[in-house]
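The values are calculated or read from the model by the stated rules, or taken from the named source; none is laboratory data. Being a predicted model, the structure only gives us computed values, none of them experimental. Every residue, glycine as well, gets a Cβ built from its backbone with ideal geometry; the counts of neighbours run over all protein chains shown.
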Amino acid sequence: MAVLAELTHRCPLQCPYCSNPLELERANREMTTEEWRRAIREAAALGCMQIHFSGGEPTVRPDLEELVAEATAAGLYTNLITSGVLCNRTRLDRLAAAGLEHVQLSFQDSTAAIGDRIGGHVGGHEKKLAFAQAVRDVGLPLTANFVVHRQNLHHLDDMIAMAADIGAGRVEIANVQYYGWALKNRAALMPTREQLDAMVLTIQAARARVVGTLIIDFVVPDYYARRPKSCMGGWGRRFLNISPSGKVLPCHAAESIAGLSFDNVRQRPLAEIWQTSDAFRIFRGTDWMPQPCRTCDRREIDWGGCRCQAFAITGDAARTDPACALSEDHERLVSLAATDAMAQDRFVYRRPRRAKMQPIAT
Ligand code: SF4
Ligand code: FES
């Protein structure tokens, strides 16, 4: 259904829950324009309908317009997932002319104080607001994305109001997913049970208020769930991810699973990788499932939950997702959530060489 094109891991922000791997790809290993263009054509030929240009920050690539044009010519629906801090109106006009159809803009909070601290980028919040205005002026549909956690959930209502103010048609309230950088920062991010309860009430009230004008996407965070989400819509069923250097992954966080190896679109055709590579086949379908998933009537609904989370918590990606209350590991997840929700508030930022700790803003 969709390909996530991670054009680069370069990014002016340093969010402590970044979904990029701990080992960031260097710029000199990124695929060239021609390599990306070929991968885009192969994705379309394989049957993909959408392409999401992401990163890192995809607008650091000067060839983004060419890639959007290639995707448009290949018949793909094009979406730009951006922090919005590097892209001005002129560039946005060029992207729209190349065929860009949708923009997804990430925010770290509804306020500059917390947003800039979480993103590690002074002035970032103001730039995002200016970019949102540019998106509106160009006439592209806009989704606002807020990643929520213990340190910003008290602003949830304001985030939703802000999404409506900037003209978004949809807002994604995304709870942090704990792999990679976010796992490193779990103790600083985990919401409390009280925050979760308040969050659910706030979302219900907001949905009633904005019905018909703003769509609110929200899923209960895994660590407090009773059943897992259908992560990626099932491993190797709907999505594929291409890393900056051309590795083809069944999920953006798949590199967090030790022992998996990934084929590269520079060396093998995308269709062949999708159909035959070990990384895609290993958890595709239901044959790999252990009990209780193997005989569960939800096995073709949630596909056993999230492989990356199973690995992060148990060290074995082939176990049932611990977010499921039927999993033997569920109690461990519940107790990790309770411990981390009471822990420290300091972040490890995503740039290894510039990693630093910063006290919570008051
Ligand atoms: Fe899903 Fe497996 Fe839990 Fe059943 S046992 S609900 S298939 S994770
Ligand atoms: Fe990788 Fe869920 S994040 S399978």
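Some values worked out for this structure:
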read-out	value
Residue in the range 152-167 that is part of a strand (DSSP E or B), under 21 Å from the mean Cα position of the chain (by Cα) and under 15 Å from Val103 (Cβ atoms) present	no
Options Ala343, Ala318; residue that is at pLDDT below 95 and either within 14 Å of ligand 2 (Cβ to nearest atom) or of a type in the set (A, V, I, L, M) (or both)	Ala343
Residues (crowded, with 23+ Cβ neighbours inside 10 Å and among the acidic types (Asp, Glu)) located in the range 58-102	Glu70
Selection from the range 297-313 of residues that are surrounded by 14 or more Cβ atoms within 10 Å (Cβ to Cβ) and under 22 Å from the mean Cα position of the chain (by Cα)	Asp302, Trp303, Gly304, Gly305, Cys306, Arg307, Cys308, Gln309, Ala310, Phe311, Ala312, Ile313
So Met190, is it more than 16 Å from ligand 2 (Cβ to nearest atom) and touching an Asp or Glu at 6+ places or on another chain (Cβ under 9 Å)	yes
Candidates Ala338, Ala310 - the one that is assigned to a helix (DSSP H, G or I), at pLDDT 95 or above and of a type in the set (Gly, Ala, Ser)	Ala310
Residue match in the range 4-19 (condition: crowded, with 22+ Cβ neighbours inside 10 Å, outside any loop (DSSP other than H, G, I, E, B) and touching a residue at least 12 places away in the same chain (Cβ under 8 Å))	yes
Subset of the range 265-292 that is within 16 Å of ligand 1 (Cβ to nearest atom) and over 22 Å from the mean Cα position of the chain (by Cα) - its residue that is nearest to Cys48 (Cα to Cα)	Gly285
Selection within the range 125-154 - in contact (Cβ under 8 Å) with a residue 60 or more places away in the chain and more than 30 Å from Leu201 (Cα to Cα)	none
Residue among Arg294, Arg281 that alone is within 16 Å of ligand 2 (Cβ to nearest atom) and surrounded by fewer than 22 Cβ atoms within 10 Å (Cβ to Cβ)	Arg281
Output for the range 189-237, where each listed residue is within 17 Å of the chain's Cα centre (by Cα) and polar (S, T, N, Q)	Ser230
Residues located in the range 20-32, provided they are modelled with pLDDT of 95 or more and surrounded by 16 or more Cβ atoms within 10 Å (Cβ to Cβ)	Glu30, Met31
Test: residue in the range 252-263 that is near ligand 2 (Cβ under 9 Å from one of its atoms), more than 19 Å from the chain's Cα centre (by Cα) and buried (at least 22 other Cβ atoms within 10 Å of the Cβ)	no
Residue within the range 252-264 that is at negative phi, away from ligand 1 (no atom under 16 Å from the Cβ), in contact (Cβ under 8 Å) with a residue 60 or more places away in the chain and hydrophobic (A, V, I, L, M, F, W, C) present	yes
Filter result for Gly236 (on the phi > 0 side of the Ramachandran plot, in a loop (DSSP other than H, G, I, E, B) and touching a helix residue (DSSP H, G or I) at 6+ places or on another chain (Cβ under 9 Å))	yes
Restricting the range 118-149 to residues that are surrounded by fewer than 22 Cβ atoms within 10 Å (Cβ to Cβ) and charged (D, E, K, R), the residue that is farthest from Asn185 (Cα to Cα)	Asp137
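Results for (1) more than 16 Å from ligand 1 (Cβ to nearest atom); (2) crowded, with 16+ Cβ neighbours inside 10 Å, shown as yes or no for each residue.
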{"position": "Tyr179", "(1), (2)": "yes, yes"}
{"position": "Lys184", "(1), (2)": "yes, yes"}
{"position": "Met190", "(1), (2)": "yes, yes"}
{"position": "Asp197", "(1), (2)": "yes, no"}
{"position": "Thr202", "(1), (2)": "yes, yes"}
{"position": "Met232", "(1), (2)": "no, yes"}
{"position": "Gly236", "(1), (2)": "yes, yes"}
{"position": "Ser243", "(1), (2)": "yes, yes"}
